[in-house]
Amino acid sequence: MGYRIVHTDDVPVTDLSDIEEIPPDLDIRAVDEALEAENLKVKLWYFDPGEEIQYHAHAEQEELYYIVQGTFSLKVGESGEEEFVEAGPGTFYVAGPMTGHGHRNVGEEEGVILALGAPAVDDPGLDPHSLDE
């Protein structure tokens with residue numbers, strides 16, 4: 001691949017509410033696609049007040065999150081051992097494979113989170129509560 005450079009404003013915004021197969025109904029910028037990244041998923045997620053990505057886990061993917069803007073309530077940890085943490089801009093958090101995680105914009109303004117996932121595989125969200133069965 002070599003390298004590619006892209007500015008955020010040049011990455012189109014996708015309204016996920018237009019795609020039935022992909023909840024939640026948020027707006028994203030698929031930075032990985034614009035950069036043609038092969039080994040890393042990179043998304044900017046936009047949250048109105050009260051919007052969230054529900055608590056979920058992935059079988060293979062590790063995800064790193066960085067809060068760019070807004071105040072979020074994070075739900076992290078294995079089923080039955082979840083912690084809730086309030087976090088704002090400048091906060092990083094990571095969830096490894098099979099570790100539950102989710103976040104809700106609890107602020108009064110738009111929230112923005114940068115999400116990085118590796119490996120870059122299709123790894124749909126799993127219910128963390130079903131992993132201990």
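The values are calculated or read from the model by the stated rules, or taken from the named source; none is laboratory data. These numbers come from a predicted model, not from an experiment. Please note: Cβ atoms are built from the backbone with ideal geometry, for glycine as well, and neighbour counts cover all protein chains shown.
A few notes on this one:
- Residue match in the stretch 67-86 (condition: assigned to a loop (DSSP other than H, G, I, E, B), of a type in the set (V, I, T) and surrounded by 14 or more Cβ atoms within 10 Å (Cβ to Cβ)): yes
- Evaluation of V106 against the conditions (1) touching a Ser or Thr at 6+ places or on another chain (Cβ under 8 Å); (2) more than 21 Å from D27 (Cα to Cα) shows that the sole unmet condition is (2).
- Screening S79 on (1) modelled with pLDDT of 95 or more; (2) touching a helix residue (DSSP H, G or I) at 6+ places or on another chain (Cβ under 7 Å) shows it passes everything except condition (1).
- The residues of the stretch 29-58 that are loosely packed, with under 15 Cβ neighbours inside 10 Å and either within 15 Å of the chain's Cα centre (by Cα) or in a strand (DSSP E or B) (or both), listed by number, are L40, D48, Q54.
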